[in-house]
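Each remark here refers to the structure printed beneath this line.
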Amino acid sequence: SRYKLILISEIIVPGEEIIDRDKIISTVQNELSGYYLWVIPHNNALFYPKRDIEGILLSEFPRLESVNLNLDNFRTLYINIDEREPFAMYCGAESDCYFLDKDGFIFAIAPSFTGAVYFVYTAEDTIEKPLGRRLRPIEEFERLSKFTESLAALNIHPTGLKIGDNEYSLLLPSGGEILWRQNSDTDLVYANLAAFLATESIRVQTDFLDRISHLDLRTENKVFWDFNK
């Protein structure tokens, strides 16, 4: 079990721009140290804890979307990883912001940006220790993303979305908001909004959406709004 030719002696993380490469290698080295029952080394290529290492890496490094370990000639361990890509940001109550991936998974602290670089999600109930957590369940987050992206067809380009207890509030570049209830069908919300904006009395108004403070869709089949003062 301690024959040198079957002991893992080198760890390689392929890729040119792996952010936590040294920390990942150090974590794996730590897991490969020691022995099973004080006899078999953890770095024995035939018995090394592959699944445990993959699980630990995914847990300790939220940025990693997938991890796959492969051996080469019994002595070299390749750690093949896929890193999550920023899709949007979540900003907490104290202005700390984090990157979200396309599934709403919070995986890294975001740097400060000048201007609207990413779409920003906020929540009325601040998420404690957000790294490694989901902003919302996958199905709900995908539904919200699809809805906000579809608004481009109505010439609406929101900068962020606030999640309240019972409602959503879409933030417009002008500072206005579009509100609807969380339990609403987003397809119906979109249809109602499109129909409202297409009415003659609204369509002829110059920069209508730039002038509103609130556009309220929380009441079924009715739209309420007011303008900035």
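The values are calculated or read from the model by the stated rules, or taken from the named source; none is laboratory data. Not measured: the values here are computed from a predicted model. A quick note on method: Cβ atoms are made from the backbone with ideal geometry, for glycine too, and the neighbour counts reach across all protein chains shown. Surface areas here come from the heavy atoms of the whole protein model, side chains and all, with no ligands, DNA or RNA. Shrake-Rupley method; radii C 1.70, N 1.55, O 1.52, S 1.80 Å.
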Could you list, in sequence order, all residues of region 30-53 that are in a helix (DSSP H, G or I) and within 17 Å of ASP72 (Cβ to Cβ)?
LEU32, LYS50, ILE53
Complete set of residues in region 160-177 that are on the phi < 0 side of the Ramachandran plot, at pLDDT below 95 and either of a type in the set (Lys, Arg) or open to solvent by 20 Å² or more (accessible area, probe 1.4 Å) (or both)
ASP165, ASN166, PRO173, SER174
Cβ-Cβ distance below 6 Å, separation of 6 or more or different chains: which pairs start in region 64-75 with a residue that is closer than 20 Å to ILE6 by Cα and aromatic (Phe, Trp, Tyr) and end on one that is modelled with pLDDT under 95 and open to solvent by less than 60 Å² (accessible area, probe 1.4 Å)?
PHE74/ILE6; PHE74/ALA45
Can you tell me which residues in region 67-121 are within 30 Å of PHE47 (Cβ to Cβ) and in contact with a Lys or Arg (Cβ under 6 Å, 6 or more places away or on another chain)?
LEU69, GLU83
When you check PRO173 against the structure, is it under 19 Å from the mean Cα position of the chain (by Cα) and in contact (Cβ under 8 Å) with a residue 12 or more places away in the chain, yes or no?
no
Residues of region 69-95 classified as part of a loop (DSSP other than H, G, I, E, B) and within 21 Å of LYS23 (Cβ to Cβ), total
3
Among the residues of region 178-222, which ones are open to solvent by 40 Å² or more (accessible area, probe 1.4 Å), within 15 Å of LEU144 (Cβ to Cβ) and assigned to a strand (DSSP E or B)?
ARG181
Quick check: is even one residue across region 116-138 part of a helix (DSSP H, G or I) and closer than 30 Å to PRO62 by Cα?
yes
So which residues in region 1-14 are under 36 Å from the mean Cα position of the chain (by Cα), surrounded by 12 or more Cβ atoms within 10 Å (Cβ to Cβ) and in a loop (DSSP other than H, G, I, E, B), if there are any at all?
ILE8, SER9, VAL13
Odd one out for LEU77, checked against (1) more than 22 Å from LEU172 (Cα to Cα); (2) at pLDDT below 95; (3) open to solvent by less than 30 Å² (accessible area, probe 1.4 Å); (4) not acidic (Asp, Glu):
(2)
I need the full set of residues from region 99-125 which are open to solvent by less than 60 Å² (accessible area, probe 1.4 Å) and either hydrophobic (A, V, I, L, M, F, W, C) or in contact with a Gly (Cβ under 8 Å, 6 or more places away or on another chain) (or both), in order please.
PHE99, LEU100, PHE105, ILE106, PHE107, ALA108, ALA110, PHE119, VAL120, TYR121, THR122, ALA123
Can you find a residue in region 61-71 that is crowded, with 17+ Cβ neighbours inside 10 Å, among the aliphatic types (A, V, I, L, M) and either more than 16 Å from PRO14 (Cα to Cα) or out of contact with any helix residue (DSSP H, G or I) (no Cβ under 6 Å at 6 or more places or on another chain) (or both)?
no
